[in-house]
1. Please work out which one of (1) among the aliphatic types (A, V, I, L, M); (2) within 14 Å of another protein chain (Cβ to nearest Cβ); (3) assigned to a loop (DSSP other than H, G, I, E, B) is the condition residue A:477 fails and give its number.
2. Scan (1) surrounded by fewer than 24 Cβ atoms within 10 Å (Cβ to Cβ); (2) part of a helix (DSSP H, G or I); (3) small (Gly, Ala, Ser) for the single condition residue A:354 breaks and write down its number.
3. Can you spot a residue in region B:136-158 that is within 14 Å of chain A (Cβ to nearest Cβ) and at positive phi?
4. Name the pairs: first residue in region A:73-94 and within 21 Å of residue A:173 (Cβ to Cβ), second residue part of a loop (DSSP other than H, G, I, E, B) and among the polar types (S, T, N, Q), Cβ to Cβ under 7 Å, at least 6 apart or on different chains?
5. Tell me the residue from A:27, A:7, A:35 that is in contact with a helix residue (DSSP H, G or I) (Cβ under 6 Å, 6 or more places away or on another chain) and either surrounded by 19 or more Cβ atoms within 10 Å (Cβ to Cβ) or more than 28 Å from residue A:102 (Cα to Cα) (or both), please.
6. If I ask for residues that are in contact with a strand residue (DSSP E or B) (Cβ under 6 Å, 6 or more places away or on another chain) and either surrounded by 17 or more Cβ atoms within 10 Å (Cβ to Cβ) or not in a helix (DSSP H, G or I) (or both), which ones from region A:274-292 would you list?
7. Being within 17 Å of residue B:178 (Cα to Cα) and under 15 Å from the mean Cα position of the chain (by Cα) is the filter here, so list the residues in region B:93-119 that pass it.
8. Anything in region A:267-290 that is without any contact (Cβ under 8 Å) to a residue 24 or more places away in the chain and either closer than 30 Å to residue A:49 by Cβ or within 26 Å of the chain's Cα centre (by Cα) (or both)? List them, or say none.
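The values are calculated or read from the model by the stated rules, or taken from the named source; none is laboratory data. Since the model is a prediction, treat every value here as computed from it, not as a measurement. All Cβ positions, even for glycine, are placed from backbone atoms using ideal geometry, and neighbour counts span all protein chains on display.
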Amino acid sequence: MSHPCVVTLDSRSAPRVLFSGDQLVEVDLPTGTRVLYAKPPLEPLKDVDAAIRYAINHPYNSEPLYAKLRPGMKVTIAVDDISLPLPPMKRPDIRERVLTIVLDLLSDYGVDDVEIIIATSVHRRMKDWEVRHIVGDRIFNAYWPKKLYNHDAENLANMKHIGTTDVGEEVELNKRAVDSDLVIYVNLNLVPMDGGHKSVSVGLCGYRSLRAHHNPRVMRDCYSYMDPKSSALHTSVERMGRLANKKLNVFTIETTINNRMFDRPLEFLARNEDDLSAGEKSALRALRFTLSKVPQPARQAIFQRVPSPYGVTGVFAGETEAVHEHTLKRSFDQYLVPVTGQADILITGIPYISPYNVNSFLNPLLVQVMANGYMFNLYRGAPMLKKGGTMIILHPCTDLFDNEHHAPYIEFVHRLLPETRDAMELHKRYEKKFSENPAYIEMYRFGHAYHPTHPFFMWYWGEAGRQHIGRMIVVGADNEYIPQLLGWETARTMDEALRMAKQSAPPTPEIMALHSPPIFMADMTA
Amino acid sequence: MPASYFDVDGTLVTTNLVHPTVFYMLNQPTPMHSLAKLGRALVKAPWMAMAELQDRRLFNELLFSSFDGVSEDRLVALAEEAFAKVLKPAIYGKARDLVKCSLDKGHEVVLISGALDFLMQRLAEHLGATGIIANRLEVKDGFATGKLLRPVVAGPEKARLIREHAHARGHDLDECFAYSDSYSDVPMLSVVGYPAAVNPDRKLKLLAQAYHWPILHLAA
């Protein structure tokens, strides 16, 4: 018998409602289609502050945090950036709660040389109000901007090379962290891909280190990104992280949250359409109607300006690997839905948000990363789609970019992709050139743009999916040009897409649809 | 090796051509000379304002006519002070980073400006730029005539001068960068492969957004 989160449609099933960017689209899927839903949110911790205190006083494989402290020592606290969680968390953000307790403890022990670094790696610099959202007013007012700031991977004078792994990966990290007596990493773990060694060795590194694993060769060898044990990316990151932990005194604090993305008025979006009450059905219709009538910026505001009421489900502290083992377990408890049997056709909506467009627009390159990268990789074990199968996605693929945040993406999509979609070729011919573009570097360092190499990483992020997926069909694209650039076919309706997909599928294809968000992962048995 | 061409006024410094010119006028041999220079400049001001709207080259020629009769010695002697008092404090902090980054990436860095060469030379040395393309005053018998030597560096002429410079230095223009704050520099921005708008005026900002040129804010 299948898991309750795997719903097989029959002739009486209601149409499914899937995201297509910031619109909700109703689709009639064939009888026999298996629709995967997220598990209900795990019960949150009742007393989060107590859990934080307990975790740092009873750490895994490490002495308690207080025992590591001595007056006059130099401490750096690194914090995950706003790319997590999605959408941003209602205040107080769990990072604020952890920081508050840790900073009080540091103060009690006479540690006053403390700096807080937002571990952005090559992500865009967070704006002051975004930092305030994460750390809270009290910490922001006390530390910003001198002692609370964004990591700058292009301030080469502020990066320190600490060594090379036995397979030649160079580890270069933020100098302040390297020179500190203690580094405390405050993580917020949204999906199993995050956290662990990835926190310090990616969050505080620069391009010189990132290129060791953010390249098409490594990305092709990930099965999947969401299962660290089967991901070449994580294997590389772990090697680098272990080296970093040998040189640095790292105390890791990881937190997990449940999947309560939608607050009460929109909670029904996570549920099986067959189980909605009459009132919820009306609310869904009203929401769909509103979204179809209001302009795009208003739709974006409806979803992005409303923070999510996530509940904290775990706080773990101590030595990085020991901590992350517990984090992963809790994360999998929330996300894994057991599924047996791969699909010939995999259907998914692409929502309006990704880790790389918080407070901006999901541009075409990010649509690609959501489809080939994130949605495809939401599995453990075997991929949800059979090798060479067809993936159908819903998204308008609008040719729109945020000039401020995604400046280098525009050139990547409009100047490079018309030349080639081959990730190896792009890596070889263009990546270095982009990495040395002074205008983009300036925009990354002093504006709020992603690093010039980031669009390449986004393309590589889709590499495992591209190698596996036979055809990608996009439903509802508002133009033909972008799907063509991305190597995708287009269909006007889901029926048309299914007809197209069936042409290259077995006579009675297995069809699977992902009802996400909220996030979940398929624990797949082929 | 690519080259990076930087407009100066409004792009790398907050000042414009008028500021150093006024400095020179105020530093004539006697206060009477200074007053006379300023008076003549004020008379020409409406014409300059009209010229600025019509043709940047004409504006430059009218403005620099104020140097008529200034000795070459004085031009050079005051250049250091004009740079230290007018230009140097006006350099955007982030402009230094951008120039340094370009140099670090192996670019030849060229300042291209309608300002006068003896001032631009000092700015280039200060920023580490490797070359300048700037206006030059005509000097006869040791005194400036108030005329500019050809070619006058302004507007579309900048584009031609960049092409010429790149050709002479063996740079592939498709690989070169150009930075400016002004819509009047669109020709110069358009000849390189990597144009960028810096602290752009409204018209340039709209154009940069339409063409997806990077927009930098060195003043922020």
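1. (2)
2. Against the list (1) surrounded by fewer than 24 Cβ atoms within 10 Å (Cβ to Cβ); (2) part of a helix (DSSP H, G or I); (3) small (Gly, Ala, Ser), residue A:354 comes up short only on (2).
3. Within region B:136-158 (the criterion being within 14 Å of chain A (Cβ to nearest Cβ) and at positive phi), the answer is no, since none of the residues qualifies.
4. Pairs that qualify, where the first residue is within 21 Å of residue A:173 (Cβ to Cβ) and the partner is part of a loop (DSSP other than H, G, I, E, B) and among the polar types (S, T, N, Q), are A:74/A:180; A:75/A:180; A:76/A:180; A:81/A:120.
5. Exactly one of A:27, A:7, A:35 is in contact with a helix residue (DSSP H, G or I) (Cβ under 6 Å, 6 or more places away or on another chain) and either surrounded by 19 or more Cβ atoms within 10 Å (Cβ to Cβ) or more than 28 Å from residue A:102 (Cα to Cα) (or both), namely A:27.
6. A:291, the sole residue that qualifies.
7. Matches in region B:93-119: B:95, B:109, B:110, B:111, B:112, B:113, B:114.
8. Listed by number, the residues that qualify are A:267, A:268.
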